[in-house]
Structure formats: C-alpha cells, structure tokens
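Where a number appears in this text, it was derived from the coordinates with a stated rule and is not lab data. It should be emphasised that the depicted structure is a prediction, and the values quoted were computed from it without experimental measurement. As a convention, Cβ positions derive from the backbone with ideal geometry for all residues, glycine included, and neighbour counts pool all protein chains shown.
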C-alpha cells in the first residue's frame, strides 16, 4: 500500500480496504503521529492485539479473519465453521470466528467473538488468500456438532457434490480426532454417501420413506440410456422398471428444469420405465403418502397393470 501524501489521508486510505494492519504498517503508510490521531478520533480501531483496521471494516468477518490469522501466526489456524466459510463450503459467515491451536499453547486476550479450541492432533491445512485454514474435511468434523441440524445434511452433501470434501478425507479426519460431537451421525452420512446418497433429500428419503424391506430392490444412482441420452436416476427398480426421482426445489423449480424433467420422463416411458416423482415437501411432510404411492406402483407393475395415481 502506498504512503499517504498527508497524515490526514490515513483513514481514507484504510477505508478502501478490509485488511488489518500492524502499528508499524500504519506508521509506514502515514506516520506514527497520524496513526495515533486516527486511533484517538475513532477512525481506526484495534481488532485484536497489535492489529488495526478502519472503523467501517472492523466488524467484517473478513477483516477479523485477516487480523486473527496475522495475530496468531504459527500459533494457530483458522478452523471449523470459519475454515468452511473461507473455503466456500458455507455461504453465510458464522456468528463467531473459530481457530484451533496446539494443546500446549495458550492464547490470552482473545476477543469475545473468537472461539479458541485446543487440539492434541496436528490439523491438515490449506491456504486461501495467504491465510492458513484447516482443510475442509477436518474443518467439517471440527464443527459438525455445532452446525444447525436443519442445514448440516445439506452442507455435507453439497460439499461432497462440489468436491470440497471427500468421504475418505472425512474418515481420515475422524481417525485422528479424539472428540467429534455427533460423530455417529457424521459416520452415517459417510456410509450413505458410499451407498449412493447424494443430497439431504435423498438422505431423508432413505431413512424416513424407503426404510422398509419392501423397497430394498431400489438401486441408487442408476445410469440408463433413453432416447439417445444418458440419464442418472435417483432410484431405480431394475426388475419392474420403476424410476423414482426426488425433486429438490433448488433444481426443479424453473421452467427449463420442469421441461427437461417432462422430456426425460417421456423418453423413459417410451422404453417402458415409469417415473414416480416426489417433491421435497412430499418426502419431509408426508412420508407415509410417498410409501403408499410407491407401494401401489410396485404392486401394479408386478401384476403388469396400468396405474393412475392422483396427487
């Protein structure tokens, strides 16, 4: 950052960035006198010991992450929800910032918005914009039990689909971490992912709708060619040629997606494959109805008959 032409320019220069600065850096940009004036007037504030930022940016998650990363240096690493947000796994910043430090370290004067966790293991790390963060697989395990129960399945499967995490990476993290809150639930997510579950809706369907022996013949993520195109079916009954599609609102709400679904269902039907579609609301709010419909379709296909189901 260039040096200010006048001491009065320091607040204006800092207002153009969210970065945090040491006192030596502030003095180099303007002067020690200018930095003290800006601090006394409230135009800049201390974010963490030894790091300062413009008042307008001081509460920014990015500014705080920058300040904490520089303050801790090699003593600690941005971790948990913070690492997931910086890595793009979480779309919204968490309420507080999390770091992990070795068990023998002690961090004094931590602000209230900073969670310091102490670990007996050495975390695997990545680097984002010069910040050291715990890599997403281990970061997920660190904060899994703190994630809102309504979003953690979606967070897990979305990160898996994006390639941000991998099943073997999360398993490796669990193997070295002695304490993981809700470890059995996370392990269930991993097992289901290996079984072909690719979304939170499919997870709900597996455990709340299709968790009966009569649906055991359904195969997950089945590839089929119809009308000259290859499709991947959420669930497929090979013997009875029944496709089951689970329609999450985010992927099936637009006119374009709706039309493609119709074309896909028509192409499959031309080959004798009947498609049963359940919406997010169907799966989460009326699982018994979903079971009744699918049970009726299976019964009719078993007899070789036709079926009309009214929703």
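Numbers for the structure displayed
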{"item": "Stretch gain in nm, segment residue 281-residue 146, where the contour uses 0.36 nm per residue and the Cα spacing is subtracted", "result": "46.0 nm"}
{"item": "Order of 71, 62 under a 10 Å beta carbon neighbour criterion, fewest first", "result": "62, 71"}
{"item": "Residues 303, 152, 146 arranged by fewest to most Cβ contacts within 10 Å", "result": "303, 146, 152"}
{"item": "Sorted by Cβ neighbour density within 10 Å, fewest at the top, the residues 27, 120, 199", "result": "120, 27, 199"}
{"item": "Relative contact order (%) - the range 62-194, alpha-carbon pairs under 8 angstrom, separation at least six", "result": "22 percent"}
{"item": "Length-normalised contact order of the chain in % [C-alpha pairs under 8 Å, at least 6 apart]", "result": "9 percent"}
{"item": "Binned Cα-Cα distances of the range 7-59, short to long, each 10 Å bin given as a whole percent", "result": "30, 65, 4"}
{"item": "Semi-axis lengths, Å, the range 205-303, gyration tensor of Cα atoms, sqrt of 5 times eigenvalues", "result": "21, 18, 11"}
{"item": "Share of pairwise Cα separations in the chain, more than 29 Å, in percent", "result": "53 percent"}
{"item": "Spin-label model distance (nm) - residue 112 vs residue 75, 7 Å beyond Cα toward Cβ", "result": "2.2 nm"}
{"item": "Evaluated at q = 0.20 Å⁻¹: base-10 log I(q)/I(0), Debye formula over Cα of the range 62-194", "result": "-1.18"}
{"item": "Stretch gain in nm, segment residue 223-residue 292, where the contour uses 0.36 nm per residue and the Cα spacing is subtracted", "result": "22.3 nm"}
{"item": "Fraction of beta bridges assigned by DSSP in the chain that are antiparallel (%, nearest 5)", "result": "65 percent"}
{"item": "For the range 132-199: rounded, prolate or oblate by the Cα gyration tensor [a/c cutoff 1.5]", "result": "rounded"}
